[in-house]
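Take a look at the structure below.
The values are calculated or read from the model by the stated rules, or taken from the named source; none is laboratory data. The shown structure was predicted, so the numbers you read here are calculated from the model rather than taken from an experiment. Here the Cβ is made from the backbone with ideal geometry for all residues, glycine too, and neighbour counts use every protein chain on show. Accessible surface areas use protein heavy atoms only, side chains included; no ligands, DNA or RNA. Shrake-Rupley method; radii C 1.70, N 1.55, O 1.52, S 1.80 Å.
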Amino acid sequence: MKRFKFNLNTPLRVKQKIEQMRKQQLMEVILTLEREKNELKILEENKAAIKVNLEQKMRDSLKAAELAFFEACINTLDLKVKNQKYRVAGALERYNKAVDVFISSRQERQILERLRDKRFGAYLVEFNREEQKALDDIASLAFFRRGGGFEL
């Protein structure tokens with residue numbers, strides 16, 4: 001019997017490569033999202049540190065210029081935090097899209113793999129059937145050669 005040949009092997013390999021690319025893109029998006037989240041966390045920590053520093057200075061004595069400086073720093077950090085939250089939201093949206101694309105490419109590959117497995121199973125059944133037929137033929141020939149045929 002001829003060897004098993006899956007005629008959709010090339011599209012399966014293409015789907016596997018596409019899935020690899022989508023997985024790589026997903027990893028890049030995840031790294032970007034984590035970087036944006038870390039940046040937001042750092043900005044919020046800086047803002048909290050400046051507020052603590054301001055409260056400490058207010059307990060001592062604080063000049064109007066220093067108060068204006070702290071207020072300007074806090075306002076700037078508020079703006080940066082707001083912008084960073086938008087960036088995190090955008091990165092999260094890109095992450096969700098990348099996950100959807102990756103999942104769809106994985107499903108396409110799995111469909112072709114299931115089809116290949118099903119066809120291979122059918123091939124094995126047919127191969128075993130032909131092999132058993134050949135073995136039966138050999139056994140019956142050997143039986144007749146030994147004189148085990150029918151007597152009339």
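Here are some notes:
- Residue list for the range 32-49, filter: surrounded by 14 or more Cβ atoms within 10 Å (Cβ to Cβ) and farther than 22 Å from residue 106 by Cβ: 36, 37, 39, 40, 43, 44, 46, 47
- A single entry from 98, 134, 89 fulfils the requirement of being of a type in the set (A, V, I, L, M, F, W, C), loosely packed, with under 13 Cβ neighbours inside 10 Å and closer than 26 Å to residue 22 by Cα: 89.
- When we screen 21, 1 for residues that are open to solvent by 60 Å² or more (accessible area, probe 1.4 Å) and modelled with pLDDT under 95, the only hit is 1.
- Residue within the range 63-80 that is open to solvent by 50 Å² or more (accessible area, probe 1.4 Å), farther than 28 Å from residue 28 by Cβ and assigned to a loop (DSSP other than H, G, I, E, B) present: yes
Residue by residue, here is whether (1) touching a strand residue (DSSP E or B) at 6+ places or on another chain (Cβ under 8 Å); (2) among the hydrophobic types (A, V, I, L, M, F, W, C); (3) modelled with pLDDT under 95 holds:
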residue	(1), (2), (3)
29	no, yes, no
41	no, no, no
96	no, no, no
105	no, no, no
127	no, yes, yes
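- Candidates 129, 106, 87, 119 - the one that is out of contact with any helix residue (DSSP H, G or I) (no Cβ under 7 Å at 6 or more places or on another chain), in contact (Cβ under 8 Å) with a residue 12 or more places away in the chain and assigned to a helix (DSSP H, G or I): 119
- Evaluation of residue 14 against (1) under 15 Å from the mean Cα position of the chain (by Cα); (2) open to solvent by less than 80 Å² (accessible area, probe 1.4 Å) (one fails), failing number: (1)
- Residue satisfying condition, being assigned to a helix (DSSP H, G or I), out of contact with any His (no Cβ under 6 Å at 6 or more places or on another chain) and surrounded by 15 or more Cβ atoms within 10 Å (Cβ to Cβ), within set 29, 52: 29
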